Amino acid sequence: MRAIIADMAFAHETPSPGSVVTPIAAVLLATDLSTTSTRAEDEAIRLAASLRARLIAVSIIDPRTLRLPSGRFRTRMDQVRAEREDSAQRLVARAQDAGVKTAFLVWEGPPGEAIVDAATAERVDLIVLGTHGRHGVNRSLFGSVSDHVVRHAPCPVVVVRGPS
């Protein structure tokens, strides 16, 4: 699967002669609803509006991040889910103000896998997600969600760089 790296502008490949161009009817935005995701959110809304596609925003809760080193939960799943749903209302309102039909989902699991699963289940035509741009040790410790999505996605992926 190919990734399209965007820095506030949509980059695309020109179709080769004789190729079939599939219309994009559904865009999946993977977001953690943080300020570092704002650029990806803006790009997904812009793309969905310009393509007249519906936008499905998904936020992933990784249960592994809710545990203390002792194994006890530091935060309850229902509390995290409620916070995400509250924050999502602002995103949905922004998209609807741009004329984009929008839905918001909360999935649980390892982020990369859950994003791919959501894209497959929702039968989307394009995935948009941000990247934190980790390098070196941080990247090897935390892995790269965007790398996983690019390698396993059932459709093209737009990766938007976060603030530098």
- line: Subset of the range 86-117, residues open to solvent by 80 Å² or more (accessible area, probe 1.4 Å) and either part of a helix (DSSP H, G or I) or under 15 Å from VAL58 (Cβ atoms) (or both), comes to ASP86, GLN89, ARG90, ARG94, GLN96, ASP97, GLU108, GLU113, ASP117
- prompt: Name the residues in the range 51-84 that are outside any strand (DSSP E or B), open to solvent by less than 80 Å² (accessible area, probe 1.4 Å) and either in contact (Cβ under 8 Å) with a residue 40 or more places away in the chain or under 23 Å from VAL116 (Cβ atoms) (or both), would you?
  reply: LEU51, ALA53, ASP62, PRO63, THR65, LEU66, MET77, VAL80, ARG81, ARG84
task: Name every residue in the range 100-128 that is touching a Lys or Arg at 6+ places or on another chain (Cβ under 6 Å) and at pLDDT 95 or above, in order of residue number.
output: LYS101
message: Taking the condition of being surrounded by fewer than 16 Cβ atoms within 10 Å (Cβ to Cβ) and part of a helix (DSSP H, G or I), how many residues in the range 147-164 meet it?
response: 2
- prompt: Which condition breaks for THR36 when tested against (1) of a type outside the set (Asp, Glu); (2) within 16 Å of ASP125 (Cβ to Cβ); (3) in a helix (DSSP H, G or I)?
  reply: (2)
Any hit, the range 57-70, residues being closer than 19 Å to THR131 by Cα, of a type in the set (A, V, I, L, M, F, W, C) and in contact with a Leu (Cβ under 6 Å, 6 or more places away or on another chain): yes
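The values are calculated or read from the model by the stated rules, or taken from the named source; none is laboratory data. In this text, all values refer to a predicted model and were calculated from it rather than measured experimentally. Counting neighbours? That spans all protein chains shown, and the Cβs are built from the backbone with ideal geometry, glycine included. Please note that ligands, DNA and RNA were not included when accessible areas were found on the heavy atoms of the full protein model with its side chains. Shrake-Rupley method; radii C 1.70, N 1.55, O 1.52, S 1.80 Å.
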